[in-house]
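In what follows, a structure is listed as structure tokens, so that the remarks can point back to it.
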Amino acid sequence: MVDLSVDLAGVPLPSPMMTASGCAANGREMHRFIDITELGAFVTKSVKAAPVSGRPTPRMAETDSGMLNSIGLQGPGVAAFVEEDLAWLHSIGARVVVSIAGGTASEFAAVARRVVRSPYASAVAAIEVNISCPNVANRGLVFACEPSGSHKVITLVREEVPRGIPILAKLSPDVTDITEIAAAVVKAGAHGLTMINTLLGVAIDPVRLRPHLAATTGGLSGPAVRPVAVRAIWQVSAAMREGRVPAVPIVGAGGVRTGADALELLAAGATAVQVGTAAFNDPTAPLRVGRELADALDALGVDRLADVVGIAHEGGLR
Amino acid sequence: MTPSHPLGTAAREGARVVQVDAEVIRSAPAGIYQHLTLVAPGIAELARPGQFVAAAIGDEHSSMLLRRSFSIHRVSPQGAYGGTVEIVVAAHGPGTEQLLALPTGARVNLIGPLGRPFPVPQEPVACVLVGGGYGSAPLFWLADVLRERGCHVEIVLGAASRDRLFGVLEGRRSADGVTITTDDGSEGSKGWVSDVLPELITRTGASVIYGCGPMGMLRSLHEAAQEHGIVAQVAVEEAMACGIGICMTCVMPVRDATGTTKMVRSCVEGPVFRGDRVRWDAFVDGRCLVPDDALGAPEAGAR
Ligand SMILES: Cc1cc2nc3c(=O)[nH]c(=O)nc-3n(C[C@H](O)[C@H](O)[C@H](O)COP(=O)(O)OP(=O)(O)OC[C@H]3O[C@@H](n4cnc5c(N)ncnc54)[C@H](O)[C@@H]3O)c2cc1C
Ligand SMILES: Cc1cc2nc3c(=O)[nH]c(=O)nc-3n(C[C@H](O)[C@H](O)[C@H](O)COP(=O)(O)O)c2cc1C
Ligand code: FES
């Protein structure tokens, strides 16, 4: 039996497998297909302080081996999230990574405070900070595109979150130098990094010859972006090895559909793996990929998952 | 070579939904549509009229990741092959093209039953069931259920032309009366279903209209229902990526019981909605806007 357990910035997880934020709602729907308590952790949809209606529709376009989405962080607001969703996740015994969002750095902090001070905080394995959302104070430029905005968000969130609950900063690949953003957020106190979020794209409706999405632009995800995810993980992991970025665990996300895909992200430097868009194709994917990963490691003669994390930087398996 | 990883299957206790590798046992043309029968153990036993299934296209290496949704036409829980599910597929894009071409024996990873079914009345009232094009697919099964409860059932089938009608013969078996309209007059009366509705509602004293078809038609059903002081139950067809409530792509603005408009997922809160709850004003030119008064809408001026 392969040992799949991982240590996520001090939090032991029995498995590296997670859902990806926004690709599994807040658990109840996916729990009809798989037991989400068997995941390393369940990652919730990014939640803001107040309810958000999201963008007009169409909000999605299928693309080759992927999709564009412009959901617009639709959600119930943190109060309802805590009372209805986090309470339920807590009641079934799930390990939860709560994804938080905001239009200002102080909104992020307020959302984090509400979550960690709730009666259900014991279910929270980590807080994932979705800095890939528009900064109201900076003409809507996303925080994750700019080191100082990212730094400020993590600094304020860090002040609210007690020891023992790691903070993961979720990075966007749509930047000139992802290691620069990674360094800024780790220096601000992030205990880990999740990457990648979606890449910005546009699809044109071939009949109307206008943007397919009502919001024009959307985030590209799915297997089509996997090489971008592997690249981002590779670059940041390499920068950590060179001492340019303080070393923290990386949670990989982007185009994972099979165990072999997950293994790619791990070898590039990820400690844990999220499955997003593939769950729309197959809601059992977050657990299925974990089983396939165990089989793949077994076939390679590897006993412990931890032994392959970042192994591609060391010349691979010998 | 990449090892093969079949898509998952699931049947959790109490979930009232299953994910199965269904097998196509019959595929036959019906007008311009294709009528597929699939062995899908578990779905037939749970399904009710108005619910749908979500089909994966191809295997785990398919470049089409998103599920395609289809109304359940009929089910038979105890067929010779085990429970079967029937769907009626219209060619639309690459995914439906692939389903249409499947030979018997092919496998389709299917999830269902999904969504809320048509609510059926407590009393044996008269009902009018309206289907646009392949939208009639779920109505014959609904008609059977309603007639078992003593309801008088009228079916109206409308389409652009005769080859786009689905289920004319089946309608005659399942309903007390069938009315047909085509835009070009190639069968039945020339015009739209909305042209024949007022007379039908008045003559039968109908207290509910059920409808499935394009958005414009559903809106006209709601308006006809409203003029006669009755309710329309409409099954919508919004673009869906997952069908199971995890992606938030299929939302539309609907009023709740207190009158508050929310962007709700049509795959879990629908596909059947009361016509008087739907914010028809938000559907404009092939898009659906977020009404300014919807819960969580951007502040006016902030968009
Ligand atoms: C509840 C429900 C019931 C339906 N019942 C039937 C039925 O009985 N028979 C039938 O032929 N069709 C039905 N449809 C429509 C059918 O799902 C689409 O025609 C089909 O998904 C298009 O796939 P495609 O690959 O051919 O087209 P593409 O345009 O390539 O599809 C790309 C993506 O957009 C989504 N999509 C595109 N058009 C639609 C649409 N109209 N509705 C929903 N999703 C869409 C697809 O699911 C896919 O994710 C139903 C849709 C819904 C939501
Ligand atoms: C429909 C949809 C909604 C998403 N919503 C969020 C979100 O709310 N917060 C977030 O951090 N990422 C969100 N993402 C991004 C995913 O979590 C993930 O980072 C990205 O899709 C890449 O992984 P994948 O290819 O496995 O989907 C969303 C992605 C999709 C497809
Ligand atoms: S189709 Fe995914 S939430 Fe409705």
Cross-link reach from A:Lys48 to aspartates and glutamates, straight Cα distance under 20 Å and at least 8 residues apart if same chain, gives A:Glu83, A:Glu84, A:Asp85, A:Glu107, A:Glu128, A:Glu159, A:Glu160, B:Asp292, B:Asp293, B:Glu299
Beyond 20 Å (Cα-Cα) in this structure, taken from A:Lys45/B:Lys262; A:Lys170/B:Lys262; A:Lys45/A:Lys152, we find A:Lys170/B:Lys262; A:Lys45/A:Lys152
Of the accessible area of the protein assembly as shown, computed with a 1.4 Å probe and all protein chains kept, carbon and sulfur make up a percent value of 51 percent
Sorted by chain and then number, the residues having a modelled amide H within less than 5 Å of the amide H of A:Ile196, at least 5 places away or on another chain, are A:Ala253, A:Gly254
Rounded to whole Å², per residue accessible area for the protein assembly as shown with a 1.4 Å probe reads 39 Å²
DSSP beta bridges in the stretch B:18-114: the antiparallel percent, rounded to 5, is 100 percent
Mean separation of Cα contacts under 8 Å (at least 6 apart) over the residue count of the stretch B:126-286, i.e. the relative contact order in percent, is 18 percent
Taking Lys and Arg as +1 and Asp and Glu as -1, residues besides A:Ala188 with C-beta under 9 Å from its C-beta add up to +3
quick note, chain B, DSSP beta bridge pairs, % antiparallel (nearest 5) is 60 percent
Mean separation of Cα contacts under 8 Å (at least 6 apart) over the residue count of the stretch B:18-114, i.e. the relative contact order in percent, is 41 percent
Counting all Cα-Cα pairs in the protein assembly as shown, those more than 40 Å apart amount in percent to 30 percent
One checks the Cα atoms of the stretch B:18-114 and finds Rg and Dmax, in Å, of 12.2, 35
Distance in Å, no decimals, from the C-alpha centre of the stretch B:246-299 to the one of the stretch A:33-75 is 17 Å
Per the Kirkwood formula over distinct C-alpha pairs, the hydrodynamic radius of chain B in angstrom is 20.0 Å
Diffing the stretch B:134-143: the Karplus 3J(HN,Hα) column from phi (6.51, -1.76, 1.60, θ = phi - 60°), in whole Hz with x for Gly and Pro, holds 5, x, 6, 3, x, 7, 6, 5, 4, 4
Residue by residue through the stretch B:52-64, the couplings from Karplus 6.51 cos²θ - 1.76 cosθ + 1.60 with θ = phi - 60°, in Hz, x for Gly and Pro, are 9, 10, 10, 9, 7, 9, x, 9, 6, 9, 4, 7, 9
The summed charge of the A:Val52 Cβ neighbourhood (under 12 Å; Lys/Arg +1, Asp/Glu -1) stands at +2
SASA check, B:Tyr81, accessible area w/ 1.4 Å probe, all protein chains in place, rounded to nearest 10 Å², comes out at 150 Å²
Computed for B with A: buried accessible area summed over both chains, 1.4 Å probe, rounded to 100 Å², at 3900 Å²
Looking at the stretch B:57-76, residues buried by 50 Å² or more relative to their chain on its own, accessible surface at probe 1.4 Å, turn out to be B:Ser63, B:Leu65, B:Leu66
Across A:Arg28, A:Arg208, A:Arg113, the residue with the highest GNM fluctuation in chain A (Cα network, 10 Å cutoff) is A:Arg208
Expected output for the stretch A:273-288, residues with a loss of 50 Å² or more in accessible area relative to the chain alone at probe 1.4 Å, reads A:Phe280, A:Asn281
Scalar couplings 3J(HN,Hα) for the stretch B:242-250 by Karplus 6.51 cos²θ - 1.76 cosθ + 1.60 (θ = phi - 60°), nearest whole Hz, x for Gly and Pro, are 10, x, 10, x, 9, 10, 6, 8, 9
Shielding of A:48-55 by other chains, given as the mean Cβ count within 10 Å, works out to 5
In the stretch A:291-312, the residues losing 10 Å² or more of accessible area (1.4 Å probe, heavy atoms of protein chains only) relative to their chain alone are A:Glu292
With every protein chain in place, the accessible area of A:Glu159 for a 1.4 Å probe, in Å² rounded to the nearest 10, comes to 140 Å²
Note to self, chain B gives a 222 nm [θ] from helices alone (DSSP H runs n ≥ 4, -39500 (n - 2.57) apiece, / all residues, nearest 500) of -5000 deg cm²/dmol
Under the rule rounded for a/c under 1.5, else prolate if a/b exceeds b/c, else oblate, using alpha carbon gyration tensor axes a ≥ b ≥ c, chain A is classed as rounded
Summed over the other residues with a beta carbon less than 13 angstrom from that of B:Arg164, with K and R at +1 and D and E at -1, the charge totals -3
Amide H contacts under 5 Å for A:Ser46, restricted to residues at least 5 apart in sequence or on another chain and with H modeled in the peptide plane, are A:Gly22
Note to self, chain A gives a 222 nm [θ] from helices alone (DSSP H runs n ≥ 4, -39500 (n - 2.57) apiece, / all residues, nearest 500) of -8500 deg cm²/dmol
Whole-Å distance linking the alpha carbon centroid of the stretch A:113-133 with that of the stretch A:299-318 is 32 Å
Relative contact order as a percentage, chain B, C-alpha pairs under 8 Å and 6+ apart, gives 15 percent
Fraction of alpha-carbon pairs in the stretch B:11-53 farther than 11 Å apart, rounded to whole percent, equals 71 percent
Rounded to two decimals, the Rg over Rh value of the stretch B:102-258 from Cα coordinates and the Kirkwood Rh reads 0.98
Here the percent of antiparallel bridges among DSSP beta bridges lying wholly in the stretch B:126-286, to the nearest 5, is 25 percent
Heavy-atom accessible area of B:Trp280, protein chains in place, probe 1.4 angstrom, given in Å² to nearest 10, is 20 Å²
Output field shielding_mean for B:281-293 (other chain Cβ, 10 Å radius) holds 3
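The values are calculated or read from the model by the stated rules, or taken from the named source; none is laboratory data. Worth saying up front: this structure is predicted, and the values here are computed from it rather than measured. No Cβ is skipped: glycine too gets one built from the backbone with ideal geometry, and neighbour counts run over all protein chains shown. In case anyone asks, the SASA skips ligands and DNA or RNA and just uses the protein heavy atoms, side chains included. Shrake-Rupley method; radii C 1.70, N 1.55, O 1.52, S 1.80 Å.
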